[in-house]
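Any read-out appearing in this document is the output of simple, stated calculations on the displayed coordinates, not a laboratory observation. Quick caveat, the model's predicted, so the values are computed rather than measured. Positions of Cβ are backbone-derived with ideal geometry, glycine not excepted, and every protein chain shown enters the neighbour counts.
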Amino acid sequence: MKKVMMGNHALSFGGMLGRAQVIAAYPITPQTQVVELLSEMCADKTLDATFIKVESEHSAMAASIGASLAGARTFTATSAQGLALMHELLHWASGGRNPVVMGNINRAMAPGWSIWSDQNDSLSQRDTGWIQFYCSNNQEVLDTVIQAFKVSEKLMIPSMVILDAFTLSHTYEVVDLPDQKKVDEFLPPFRPEIKLTPDDPHAFGGLTSPEHYFELRYKLQKDMEKAPALIEKTGKEYEKMFGRYLGQVEEYRCDDADFIFITSGTVGSTARVAIDELREEGVKVGNLRIKVFRPFPFEKVRNIIKKAKKVAVVDRNISYGHHGIFYQEVKSAMFGHHNSLPIFGFIAGLGGRDVTPSTFREILGHVQKKDKSEEEIIWIGVKK
Amino acid sequence: MSQDKKKKKMRLSLPEEELMNPGHVGCQGCGATLAMRYTLKALGQKVVLCIPACCWSVIDGPFPYSSLDVPIFHCAFETAAVSASGVKAGLEMVGDTETTVVAWAGDGGTFDIGIQALSGVAERNDDILYICYDNEAYMNTGIQRSSATPYGAWTTTTPVKHFKNRPKKDIDAIMAAHRIPYIATASVGYPEDLFKKAKKAKDIKGTRFLHIYAPCPVGWKSRSEDTIKLSRMVVQNATFPLYEIEWGEKYTLNIKLKEKKPIEDYLRLQGRFRHLTEKEIAYMQEEVDRKWERLLATVEGCQ
């Protein structure tokens with residue numbers, strides 16, 4: 001069934017079709033519609049779930065972890081300040097191996113107060129042990145939630161499904177809602193091997209000495225390393241059933257490209273428009289959109305961009321005192337493999353500043369002029 | 001007939017069955033261990049405990065061991081109440097509607113860092129049993145003051161020269177203001193009363209709050225053999241009266257005092273109060289008297 005819906009509602013429908021059993025959430029702009037619709041679904045029993053209307057995001061994640069540990073499929077959503085407030089518990093969810101799935105609407109961090117998009121909120125959570133999916137359209141949002149449940153529950157690692165504030169969260173697009181029966185077939189109920197129950201008492205997360213802690217973290221990393229192959233496999237399985245493939249990256253006209261843009265989120269869809277225009281003019285450009293940031297798809301990125309002459313990474317984020325965050329990752333992917341490939345790092349669109357097709361023309365201008373990047377950060381559109 | 005009577009075994013006032021085993025790492029004379037032991041006797045095995053950072057997150061024993069026969073979720077410091085709500089919701093969604101989900105926290109995790117989540121849970125009347133074992137300071141981190149520390153007490157962050165100069169936070173009144181179905185105070189010095197209250201709380205639906213006085217010899221600079229004595233004296237001198245509150249309004253006094261004892265003897269058994277002058281003790285006595293009178297009036301008003 002096709003339906004016109006906003007990105008936030010695509011998250012809600014993802015949670016519904018995934019048959020989330022416990023939802024604990026707190027409102028924050030621009031996430032509110034996600035939980036409004038879910039609370040309606042719970043109230044009218046379209047979704048058989050318990051909705052805990054908590055008093056903070058910190059409690060939202062705490063309740064989600066508790067519910068997940070008890071063996072329930074758990075979904076929540078937040079944004080920016082709310083995600084930052086959850087920080088401690090993001091570690092708790094991954095460290096405790098609770099496969100919570102959460103939507104996060106990318107919103108710039110205060111101060112000054114901003115409700116508009118950039119990626120510093122979610123990228124600040126890089127090292128918390130969550131799988132991170134970045135989406136570029138509402139269909140992808142819905143499809144990713146369903147797949148995230150499957151991947152997370154297989155690996156017992158939580159997932160974050162991320163979309164841009166307003167350019168996606170509040171933008172209406174046509175979304176194909178998959179048939180519930182087929183989704184059930186794709187995503188069987190959550191049945192963890194071990195859970196919190198008096199029938200089989202265990203103590204979870206107790207005092208862990210240096211004799212054991214190290215191994216627990218080693219195992220988390222080892223399972224994280226299984227994610228790339230699993231995401232590809234799950235994506236193919238999903239494609240077989242629903243006709244849409246998701247994977248770690250999306251390649252657009254990269255095959256013969258001299259210049260490749262590397263993007264994420266909705267900036268990646270804008271890039272496609274710019275590329276079509278530039279190709280008409282005879283410039284051989286392509287776009288590589290990174291859909292999974294953690295674990296980082298090193299191999300995919302390496303194989304796709306190695307044939308290009310130059311690469312431009314467009315970051316809607318910054319690690320202060322370093323560079324754009326995707327830029328760092330791409331450089332580290334190529335180091336020791338293709339050291340001579342010129343990689344340029346651009347920062348654009350912080351705090352919701354528009355990123356348009358002309359942004360890409362400007363970026364291309366820089367890349368065409370120079371043989372290699374002389375600066376680590378090239379700012380686009382900033383009033384210096 | 002009289003001989004038959006003699007032959008009869010002593011009748012135990014609490015069930016013999018233990019859900020807490022030897023091997024825990026509590027200190028000598030620890031009130032918190034008694035609180036857990038008695039509570040589990042009342043609640044039985046169909047229990048899940050959510051324990052935030054507190055003495056009990058250590059007492060239970062290190063990974064991969066546990067001294068309890070019930071499952072434990074060691075949760076984040078400020079999340080005991082809402083972790084329990086999450087567990088309860090999760091268990092219900094997977095078909096277990098019977099298990100009592102308990103948040104088991106110290107006074108720091110209840111009065112201070114956990115109060116926001118606790119207030120949220122109580123306002124929603126989530127179906128959990130919240131138990132605070134109160135040893136009146138951050139004992140696990142080495143005796144720092146909490147908002148449960150009483151007036152006059154020494155701690156490592158309220159040194160003698162600057163002892164705690166504010167009263168203990170009235171958490172029971174705060175909880176009563178949430179109009180939850182059941183609140184009770186208890187003391188490890190009155191195990192039958194504690195047992196009865198835990199059992200009663202188990203069978204009530206909604207948020208139940210049990211506040212257990214639990215001496216800490218290490219932090220109070222008291223003798224470990226005085227733990228029971230102190231936890232009886234504190235009731236008898238009305239510093240920690242034992243009462244119940246139903247739906248935030250109906251107060252019942254459980255241990256009535258024919259003769260209310262003065263607080264001085266109680267204070268003198270604890271090194272944490274050693275520095276107090278007579279003037280300060282007199283002030284504290286006045287405060288206890290005033291609060292006691294107010295409680296009696298409230299109880300009377302409910303009858």
Restricting to strands (runs of 3 or more DSSP E) lying wholly in the range B:176-295: which have 2 or more residues that are of a type in the set (Asp, Glu)?
B:243-246
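Looking only at residues in the range B:47-67 that are over 20 Å from B:Tyr138 (Cβ atoms) and either among the polar types (S, T, N, Q) or touching a residue at least 60 places away in the same chain (Cβ under 8 Å) (or both), which one is farthest from the other protein chains (Cβ to nearest Cβ)? So that I can check it myself, show each step before the final result.
Let us first name the residues in the range B:47-67 that are over 20 Å from B:Tyr138 (Cβ atoms), namely B:47-49, B:61-67.
Subsequent filtering for residues that are either among the polar types (S, T, N, Q) or touching a residue at least 60 places away in the same chain (Cβ under 8 Å) (or both) retains B:66-67.
Working: B:Ser66: 4, B:Ser67: 9 Å.
Checked the range B:47-67; the qualifying residue farthest from the other protein chains (Cβ to nearest Cβ) is B:Ser67.
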Would you be able to say whether some residue in the range B:21-42 is in contact (Cβ under 8 Å) with a residue 24 or more places away in the chain, facing chain A (nearest Cβ under 9 Å), touching a His at 6+ places or on another chain (Cβ under 8 Å) and crowded, with 21+ Cβ neighbours inside 10 Å?
no
Return the residues of the range A:238-248 that are within 21 Å of A:Arg289 (Cα to Cα) and in contact with a helix residue (DSSP H, G or I) (Cβ under 9 Å, 6 or more places away or on another chain); say none if nothing qualifies.
A:Tyr238, A:Arg244, A:Tyr245, A:Leu246, A:Gly247, A:Gln248
Residue by residue through the range A:306-327, note down the ones that are more than 23 Å from A:Asn137 (Cβ to Cβ) and either surrounded by fewer than 15 Cβ atoms within 10 Å (Cβ to Cβ) or not small (Gly, Ala, Ser) (or both).
A:Lys306, A:Lys307, A:Lys309, A:Lys310, A:Val311, A:Ile318, A:Tyr320, A:Gly321, A:His322, A:His323, A:Tyr327
Just to be sure I understand, how many residues within the range A:359-384 are without any contact (Cβ under 8 Å) to a residue 24 or more places away in the chain and part of a helix (DSSP H, G or I)?
3
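Quickly run through the range A:81-96 and pick out the residues that are in a helix (DSSP H, G or I) and either touching a Leu at 6+ places or on another chain (Cβ under 7 Å) or among the small types (Gly, Ala, Ser) (or both).
Kept after step one, since they are in a helix (DSSP H, G or I), are these residues of the range A:81-96: A:81-85, A:87-95.
Answer for the range A:81-96, where residues must be in a helix (DSSP H, G or I) and either touching a Leu at 6+ places or on another chain (Cβ under 7 Å) or among the small types (Gly, Ala, Ser) (or both): A:Gly82, A:Ala84, A:Ala93, A:Ser94, A:Gly95.
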Just checking, which of A:Met61, A:Met102, A:Met41 is in a helix (DSSP H, G or I) and crowded, with 24+ Cβ neighbours inside 10 Å?
A:Met61
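Just give me the residues in the range B:76-90 being farther than 18 Å from B:Arg124 by Cα and either buried (at least 20 other Cβ atoms within 10 Å of the Cβ) or among the charged types (D, E, K, R) (or both), in sequence order. Spell out how you get there, then give the answer.
Quick first cut of the range B:76-90, residues farther than 18 Å from B:Arg124 by Cα only: B:76-77.
B:Ala76, the sole residue that qualifies.
If only one of A:His170, A:His212 is surrounded by fewer than 19 Cβ atoms within 10 Å (Cβ to Cβ) and in contact with a strand residue (DSSP E or B) (Cβ under 6 Å, 6 or more places away or on another chain), which one is it?
Numbers: A:His212 fails: in contact with a strand residue (DSSP E or B) (Cβ under 6 Å, 6 or more places away or on another chain).
Answer to the check: A:His170.
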Those residues of the range A:32-52 that are out of contact with any helix residue (DSSP H, G or I) (no Cβ under 7 Å at 6 or more places or on another chain) and either in contact (Cβ under 8 Å) with a residue 12 or more places away in the chain or among the charged types (D, E, K, R) (or both) come to a total of 9
Any chance B:Thr149 is buried (at least 24 other Cβ atoms within 10 Å of the Cβ), part of a loop (DSSP other than H, G, I, E, B) and either of a type outside the set (A, V, I, L, M) or within 14 Å of another protein chain (Cβ to nearest Cβ) (or both):
yes
Of everything in the range B:82-124, what is assigned to a loop (DSSP other than H, G, I, E, B), more than 8 Å from every other protein chain (Cβ to nearest Cβ) and at negative phi? Give them in sequence order.
B:Thr97, B:Glu98, B:Gly106, B:Ile113, B:Gly114
